[in-house]
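None of the figures in this text is laboratory data; all of them are computed from the coordinates on show. Remember, predicted model here, so these are calculated numbers, not experimental data. Here the Cβ positions follow ideal geometry from the backbone for every residue, glycine too, while neighbour counts run over all protein chains shown.
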Amino acid sequence: MNTSKTTVYRKLFLAAGLLALGAMGLVLFPSSGSGTPQAAPAEPWTAAQALEPAALARELSGGKEADRPTILCVGFHALYQGGHISGALYFGEGRSEQGLAEIKKWAEKQPRTMNLVIYCGCCPLTRCPNIRPATAALREMGFTHLRVLILPHDLASDWIAKNYPTQKGS
């Protein structure tokens with residue numbers, strides 16, 4: 001093969017590779033059509049509904065018991081059994097239809113103005129499969145004082161390791 005044919009084939013191969021990379025980029029990084037990347041979907045909670053662990057620990061340790069929030073764990077049952085925020089209730093996983101049904105069954109009987117905090121803590125919040133569906137379901141049910149405990153890493157790192165009130169079992 002002469003060098004001019006080799007050069008042509010190399011250029012064709014290079015062009016085909018660049019086209020393939022461009023197509024992969026469109027699949028992996030879709031845009032809204034305006035040439036700008038799409039924004040990540042909004043969280044089902046507002047900034048005002050986000051609650052830091054230290055703030056919840058203070059709420060649990062101070063004031064009258066009647067003023068303390070009801071805490072609902074929407075994570076995995078095995079993790080709840082292994083260790084959960086003291087006094088937290090458990091009805092099911094926020095990611096499963098059965099778990100959401102049990103959470104909603106409990107929530108139907110509760111006043112919509114109750115001071116309610118939900119958390120999962122199974123993994124980093126950005127990847128949590130439980131907190132978003134549970135938050136959305138409770139918000140849609142009309143809870144007006146619903147807050148989400150922000151655990152950036154997990155319950156073990158962001159709550160238990162800081163010696164905040166924890167208990168094991170049911």
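List of remarks:
- Considering all different alpha carbon pairs of the range 61-103, the Kirkwood hydrodynamic radius works out to 11.3 Å.
- Close amide H contacts of R147 (hydrogens built in the peptide plane, cut-off under 5 Å, sequence separation of 5 or more or a different chain): L116, V117, I118.
- In the range 47-167, the DSSP beta bridges split such that about 15 percent are antiparallel, to the nearest 5.
- Full-extension gain in nm, E140 to R68, via 0.36 nm per residue minus C-alpha separation: 23.6 nm
- Distance between the 7 Å Cα→Cβ label points at E43 and K162: 1.4 nm.
- Size-normalised alpha-carbon gyration radius of the range 47-167, reference 2.2 N^0.38 Å: 0.96
- Sequence ranges 59-69, 96-106, 117-127, ranked by mean other-Cβ count within 10 angstrom, highest first: 117-127, 96-106, 59-69
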